[in-house]
Every structure is written in C-alpha cells, then in structure tokens.
Amino acid sequence: MLQPFSLIFYNTENFYDTVDDPFTMDDDFTPDGFRKWTENRYKEKVKKLTNVISEVVHPEFPDIIALAEIENKTVMESILAGMGMKGGKSYSYVHYDSPDERGSDVAMIFNTRTFRVLESHPLLIHLPGVEDRTRDILYVKGILPNGEQLHLFVTHFPSRAEGRELSERRRYFAASELRNAVYKVTAEDPEANIIIMGDFNDTPDDNSVDEVLGARKNFKDINSLRLYNLLYPRYSKGMGSTYHKGWVLFDQVIVSGNLLTSPTIDCKPEYADIFNPTWLLHFDRNNRPRPNRTYSGKYVGGYSDHLPIYLRLFLK
C-alpha cells in the first residue's frame, strides 16, 4: 500500500509580528507604523494562514510546509499554535534568522511523525558588489517514513522591486549558489532525492531558473543528475501563483531526476499543482481573479499576494 506524503510552499506576504526589531527594517509592521500592524490583525493573519495550510491537501495536514516572508520564531510559534487548534499536532520547525535587511526569512514546518530531520543549515547568499542583503536559502536533510533520505531546499530569490533588469543579476547569483549546493549533494550521492520549493521571482522560462539553475521542462529521457520543474505543465497552460499585470508563476517546485525515477517514491509532474480555490481569490469589478492580499494599498484583510503550491508523493 502506498503512503501519501505531501509538501507545500507558501509565500505568506510579509508575515511579521507586531514588535519593532531595532536591527531590521520592520517599522511599517508595528501598531504605530505605516501599515498599522496591530495585534488583532496579526492574530487574524495567523488564523487565515493556518486555515489555508489545513486545506491544501485536506483532509490531511501537509507533512512539510515550506514558507517565505516569515520574520522570526515568534511567527513560527504562532503558526504551530494555530495548526494545533485545527488538529495539526506533532509539528516542529526549522528557521534561521537571515541577514535580509527587512528581516524576511524562509522557514520550514514538518510533521515529526513522518519526517525526521538529520541536518539543517542556511546557505548564505553574498551578492557580489551589492550592498543590499538578501534571504538565505534553507537546506534540510531528513528521513521519510519508508527510510529514504530527502534533501530539501527552500528559497526566496531577490525581488523585482527595482525592476526586472536591474534585479536580474541578483537572481542569477542566487540561482548559481543554489546550483552549487545541489552539485555538492549529488557529488556525495548521485542518487539523491532533492526537492527545491520557493518563490523564484522569475518564471520557469526565465534564465535564472531555466539556464543558471538548469531546471528542465521536458520530462522525456529523465537524467537522474538533472533538475526538473514539476510546475512547468501548469505554467504552459497560463496558470500562475501571483499576479503582476496578469498571472505569473514565480512559485515553483523543482526535483532531481532521481526522484522521478525512484523505485520507492512515486513522483510525477501531475502530482504538483497550485492551490487556488475561489475563497483565496479577490475578483475585481470586471470579475478578474487575483490573490486576496493582506494589503492592497491599504489593509484589506486577505491571505497573501501569492497562492500556495503543493506536491504529493506516494511512498512505497
């Protein structure tokens, strides 16, 4: 009998606590800051996002929940508490404070009954010639219920806030560092099971993902040492995970070829998807959908400016 094992990734859109951190640029997300980020708004965000987490692979909770735009351990503890109130027990998390000047990190929650963490550390991204700091990439190695090892990378590439062309070099560098980290894993174990989940701030066709990272879009003649973009089939149909003058797919799940050919783990492109129920969407006056954000110019009390993505595996 096959055992399901599910992973999700969710960019939570500026999930800060309400306390001012003197070492980061989080002043806007305080009760007296520009965003008027009050305790009630914070608690509402916890409630909304834990509800999303509980529904992505309903009726189960995901085994692994990778997150972006998390400020600190206070936020992580709040999410775990919210999951616990909905029946999500036996969960722990991995989080490291990154050097990002806004205090925005990636993190991972995992079910301690179905995933045993062996090792974790942040991969520091030192952008050459750039004063701005950026998020770490989170690396976690662990054991699945069937005894197989899994290598996970959670990433949030530098944003396009200054425009695509100006910021493109930063994403190239982040992709290169991620590619080097993957090489280190496969050099030690050519049959490594690798999953990369994150917000790349680029699409599957952009050079950082397609060329630098080398995430393939064709699933014929699988090479165990190459990487494959499982959400490319959705992207090719015009689906997206966030909205910028139209739907774009910045959030992606990429796996090693070995995972696609493993005799003990069933993994296929059709097992990856975007979670996009209507209750996660906002419809404009022309009935065009987009993510129902927390802030859209002002506080609107939605979920996030991104939709979650997920992958279901079946263990043999």
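In the range 290-313, how many are touching a helix residue (DSSP H, G or I) at 6+ places or on another chain (Cβ under 8 Å) and part of a strand (DSSP E or B)?
5
When Val57, Val46 are checked against the criterion of being in a helix (DSSP H, G or I) and of a type in the set (Val, Ile, Thr), Val46 stands alone in meeting it.
Candidates are the residues of the range 1-47 that are aliphatic (A, V, I, L, M) and more than 21 Å from the chain's Cα centre (by Cα); the one that is surrounded by the fewest Cβ atoms within 10 Å (Cβ to Cβ) is Met1.
Let's see how each residue does on (1) free of Cβ contacts under 8 Å to residues at least 60 places away in the same chain; (2) closer than 13 Å to Asp63 by Cα; (3) of a type in the set (Val, Ile, Thr):
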residue: Val94; (1), (2), (3): yes, no, yes
residue: Asp105; (1), (2), (3): yes, no, no
residue: Asn111; (1), (2), (3): yes, yes, no
residue: Val117; (1), (2), (3): yes, yes, yes
residue: His121; (1), (2), (3): yes, no, no
residue: Leu127; (1), (2), (3): yes, no, no
residue: Ile143; (1), (2), (3): yes, yes, yes
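Note on the range 196-213: among residues that are surrounded by fewer than 24 Cβ atoms within 10 Å (Cβ to Cβ) and among the β-branched types (Val, Ile, Thr), the one that is nearest to Thr186 (Cα to Cα) is Val212. Just so you know, in the range 48-66 the residues that are touching a residue at least 40 places away in the same chain (Cβ under 8 Å) and closer than 17 Å to Pro291 by Cα include one that is surrounded by the most Cβ atoms within 10 Å (Cβ to Cβ), and it is Leu49. Among the residues of this structure, Ser98 does not count as one that is in contact with a strand residue (DSSP E or B) (Cβ under 7 Å, 6 or more places away or on another chain) and either surrounded by fewer than 21 Cβ atoms within 10 Å (Cβ to Cβ) or at pLDDT 95 or above (or both).
The values are calculated or read from the model by the stated rules, or taken from the named source; none is laboratory data. Just so we're clear, the structure is a prediction, and the values are computed from it rather than from any experiment. Positions of Cβ are generated from backbone atoms using ideal geometry, with glycine treated the same way; all protein chains shown enter the neighbour counts.
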